[in-house]
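Reading through the structure tokens given below for one structure.
The numbers here are math on the coordinates, done by the rules we state, and not lab data. Keep in mind it's a predicted model, so treat the numbers as computed, not measured. Reconstructed Cβ throughout: ideal geometry from the backbone, glycine too, with neighbour counts over all protein chains shown.
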Amino acid sequence: MDNQFSLLRLARPMRPYLLTALLFVPCYFLQSYLGWHSYSYFVFLPAVVLAEVLFGFGIGLFAILLTATIVTFLFIQPFYTLWLAPAQLPALALFALTAILIFGACEAVRLLIDYVTDRRQNPPKPVAASPAVKPNQRAVSVDMWRGFVLCTIFINHMPGNLFEVITSRNFGLSDSAEAFVFMSGVAMALAYGRKFNAGKEADVSLALGKRAVKLYGVHVLMTLAGIAIFAAGALHWRMPDLMAIHGRDLYVQDAGTFLLGTLSLGHQIGYFNILPLYIALIALVPALFYLARLHIGVMLAASALLYGLARYYGWNLPSWPVAGGWFFNPFTWQFMMAIGIAVGLLLQQGRLAISKPLFALGGLIVFAGAFVVTNGFGLSFGVREAVYGWLDLDKTNLGLGRLVHFLGMAGFIYGLGISPKLASLRVMQPLIMLGRHSLLVFFLLSLLAGAGQVVLMTGHDALWIQIALVCGGIAFLCAAAKFSEAEKAAGGPVMVRG
């Protein structure tokens, strides 16, 4: 009798795995009937999702591995082996990505149900503000990541340089644009969230209006300076092609119309087009703060609804005089700003936490993104081309693939808990300083990157020139940020401050 009870106790932890295996039986017979080959993984997808819903995230991962093993061994040539040809890997990668995205949706629903149930059983009590983020004080780690993003933008805005291959967009489905808008939302919440909730809506709105006006002036000045840089390069090196791309050709055709288009924000030249998005998003921040005061979930739901409607109906602000829409669609990118604001408000309240399942999911998303972008880490060419078309990576409209990848990466990094430790290191102080003066740094890096583009596009692309452009440019940006810091400490004027 004792032995029987011991066996029952041992068998109890195995029940989810045994029941998951039973879920695969009807899928096995269905696949035998259908006779699919490379995409036969998807026949088992209902069983995989059901296993995750019934037993949780860990069992769901087991179901993915079981699917990969069964299908590869029984239904894909050569049969009765676990070997896959490079052309057969994209189907497996796509299946794994699809399953992980569905797992994320299931976890989100489960967390929402737990949250609603907990709120009903235990009404919320006032939450004390986190001592780590005091009023009117930026989180140092936020400034560090903003500085890192600015350096990444600087490198990526000089295509063809040596350092470009090590930036994050070469290892994932999102890039610095998502990080720029997200971190801007976090900074907005840390700077203005408490004031707005304290009843100073008018003061916050006025401050945001002044900031939008400053950004508008910086954008116009930056655009005209960029045109001057490229025009000078075209004249000096007798390369008119420098003025023929990225919207600069309108200046050559009709300088007056170009100026009107720039002043109206209707015409935005390439690599100088993110500040108009930022200006438009700032106009929405008071409304987002108001909704967040009702509940952060209400704000996110309203923002997600606007995102979905804009994607479905194709809403965008029109460009002028060239037909089309803004390169960064404000109606969709506002969702990323709203998520950043939500994170910033939760940081202020000390309520931002990442569960173990979500942390693991973030890690899987990061791994899957790197696997796809790098063609299976260089082991399976063709994965990227085969999978990209399925992932909705539209940059203009903040495609879901980009959004999910960035959120997974951000959650994974936050869950590691390394940001405060990194920010305390002396070597990170230049990045913190760059992030603290982000607008000045962005203005200067845009002009430096434009000049670097001219140098590289005119054939001056020797290795030492690439190193000098990137390293010398970042050193100059650090010096400018340090000068701005000193001017602020001395009470002197600061030209442009982030």
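Sorting SER319, SER40 on the 10 Å Cβ count, fewest up front, what's the list?
Starting with the residue having the fewest Cβ neighbours, the order is SER319, SER40.
Under the rule of -39500 (n - 2.57) per DSSP H run of 4 or more residues, summed and divided by the residues of the chain, what mean residue ellipticity at 222 nm is obtained, to the nearest 500 deg cm²/dmol? Please report the intermediate quantities before stating the final value.
On the way: 20 runs with 340 residues, N = 498.
After summing the helix terms and dividing by residue count, I get -23000 deg cm²/dmol.
Subtracting the Cα-Cα distance from 0.36 nm times the residue separation, let me have the gained length for SER424 to ALA283 in nm, one decimal.
My answer for the length gained is 47.3 nm.
Taking a quarter of the surface of the Cα convex hull of segment 144-489, what do you get in nm²? The partial results should precede the final answer.
On the way: hull surface 76.9 nm².
Taking a quarter of the hull surface, the average projection is 19.2 nm².
When the dipole is taken about the Cα centre of the chain, and only Lys, Arg (+1) and Asp, Glu (-1) are charged at their Cβ, what size is it in debye, to the nearest 20? Before the final figure, lay out the partial values.
On the way: 32 positive and 20 negative charges, 316 e Å.
Value, rounded to 20: 1520 debye.
How many angstrom separate the Cα center of segment 268-326 from the Cα center of segment 167-245?
Distance between centres, Cα-based: 14 Å.
How far apart, in nm, are two points set 7 Å out from the Cα along the Cα-to-Cβ line at ILE413 and at LYS214?
If labels sit at ILE413 and LYS214, their model points lie 2.4 nm apart.
If R0 is 25 Å, what FRET efficiency do you get for LEU50 and ALA353 from their C-beta distance, rounded to 0.05? Each step should come with its number before you reach the end.
On the way: r = 28 Å, r/R0 = 1.13.
About 0.35, to the nearest 0.05.
May I ask which residue of LEU22, PHE180, ALA63 lies farthest towards the positive end of the charge dipole of the chain, with charges of +1 (Lys, Arg) and -1 (Asp, Glu) on Cβ and the Cα centre as origin?
Value computed over the given set: PHE180.
Can you tell me how much longer the chain between ASP461 and THR69 gets when fully stretched, taken as 0.36 nm per residue apart minus their C-alpha distance, in nm with one decimal? Don't skip to the answer; put the middle values down first.
Working: separation 392, 0.36 × 392 = 141.12 nm, distance 4.82 nm.
Length difference between fully extended and current span is 136.3 nm.
Pop the C-beta distance of THR374 and HIS236 into the FRET formula with R0 = 41 Å and round what comes out to the nearest 0.05.
0.60
Would you grab the residues whose amide H sits under 5 Å from the one on GLY325? Only those 5+ places off in sequence or on another chain, please, with H modelled 1.01 Å from N.
Under 5 Å from the amide H of GLY325 lie the amide H atoms of SER319, each far enough along the sequence or on another chain.
Need one number: nm distance between label points at THR257 and LYS200, each 7 Å from Cα along Cα→Cβ, rounded to one decimal.
For THR257 paired with LYS200, the spin-label model returns 4.7 nm.
With each pseudo-label sitting 7 Å past Cα toward Cβ, what's the PHE483-ALA468 distance in nm, one decimal?
2.1
By how many degrees, 0 to 90 and rounded to 10, does the Cα axis of helix 296-313 deviate from the longest principal axis of the chain?
Orientation of helix 296-313: about 80 degrees from the principal axis.
Using Cα centres only, tell me the gap between segment 360-379 and segment 392-423 in whole Å.
Going from one Cα centre to the other spans 13 Å.
Compute the angle between helix 438-457 and the longest alpha-carbon principal axis of the chain, please, reported from 0 to 90 degrees and rounded to the nearest 10.
90
Extension gain PHE29-ALA207, at 0.36 nm per residue separation less the Cα-Cα distance, in nm?
Fully extending the segment from PHE29 to ALA207 adds 57.6 nm.
Mind listing the Cα extents of segment 176-332 along all three principal axes, in Å, largest one first?
58, 34, 27 Å, listed from the longest principal axis down.
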